[in-house]
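Take a look at the structure below.
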Amino acid sequence: MTRDEIHALLARGIAAWRARDAATLTAMHAHNGVVASPTGGVLEGREEIQRVYRVWLAAFPDLTTHEDAELIDGDRAVQVLRFSGTHAGEFFGLPATGRHVEMTAAFVFTFRDGLVIEERRIYDFTGLLVQVGVLKAKPSI
């Protein structure tokens, strides 16, 4: 893939997050694609990948997405995103808390034949759990 093709695919992903479109997000992945995520574990294949997109979109129905940075090198890219929303639905077994959360994430992609073949999601899952009240953090002095 060219740099412009990768950039266009990443832009399509941002638009799909904003449109809350799990089907389009999933279609960006190869049929046998893999996603490694702190919340979903290692997901193999579109069906599992789409399941996790749907969990996020249902748990945070007002989720907003902002791209902070994008780096493309050959067939790989890193996208740094900021997500915010209200925890209004079940999230991996945690009932809705009604709390607002904000999180920065880095997604590391590998592309082949116009699709994502591997994605690694990196974010502060512990911070997210503190924000929804599952974990308590001591204030620093």
Exposure proxy check on PHE109, PHE125, PHE92: fewest-to-most Cβ neighbours within 10 Å is PHE92, PHE125, PHE109
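What FRET efficiency do you get for THR86 and HIS66 if R0 is 22 Å and r is their Cβ-Cβ distance, rounded to the nearest 0.05? Don't skip to the answer; put the middle values down first.
On the way: r = 16 Å, r/R0 = 0.74.
About 0.85, to the nearest 0.05.
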Tell me, what HN-Hα J-couplings in whole Hz come from the Karplus equation 6.51 cos²θ - 1.76 cosθ + 1.60 at θ = phi - 60° for each residue of the range 130-139, using x for Gly and Pro? 5, 5, 8, x, 6, 10, 10, 10, 7, x
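I need to check one value: relative contact order of the chain, counting alpha carbon pairs closer than 8 Å and at least 6 residues apart, in percent. Before the final figure, lay out each step's value.
Working: 269 pairs, mean separation 31.9, N = 141.
Relative contact order here is 23 percent.
Arrange SER140, SER84 by Cβ neighbour counts within 10 Å, fewest through most, would you? Provide the component values of the computation, followed by the final result.
On the way: SER140 4, SER84 14.
So the ranking, lowest neighbour count to highest, is SER140, SER84.
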Along the Cα→Cβ direction, 7 angstrom out, place labels at ARG54 and HIS100. What is the inter-label distance in nm? 3.0
Taking the chain as the reference, fit the longest principal axis to its C-alpha atoms, fit the long axis of helix 46-59 to the helix C-alpha atoms, and give the angle between the two in degrees, 0 to 90, nearest 10. 40
Helix 3-19: inclination vs the chain longest Cα principal axis, degrees, rounded to 10, gives 40
What does the extension gain come out to for ASP4 and ARG112, with contour length at 0.36 nm per residue minus their alpha carbon separation? 37.5 nm
Can you give me the Cα centroid spacing of the range 126-141 and the range 13-82 in angstrom? 25
Given the chain, longest segment not containing exposed loop trypsin sites (Lys or Arg not before Pro) (DSSP; at most 14 other Cβ within 10 Å): 1-98
Ranked LEU57, LEU10, criterion: other C-beta atoms within 10 Å, fewest first: LEU57, LEU10
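Values in this text are rule-based calculations from the coordinates and carry no lab data. None of these values were measured; they are calculated from a predicted model. Virtual Cβ from ideal backbone geometry, glycine too; neighbours counted across all protein chains shown.
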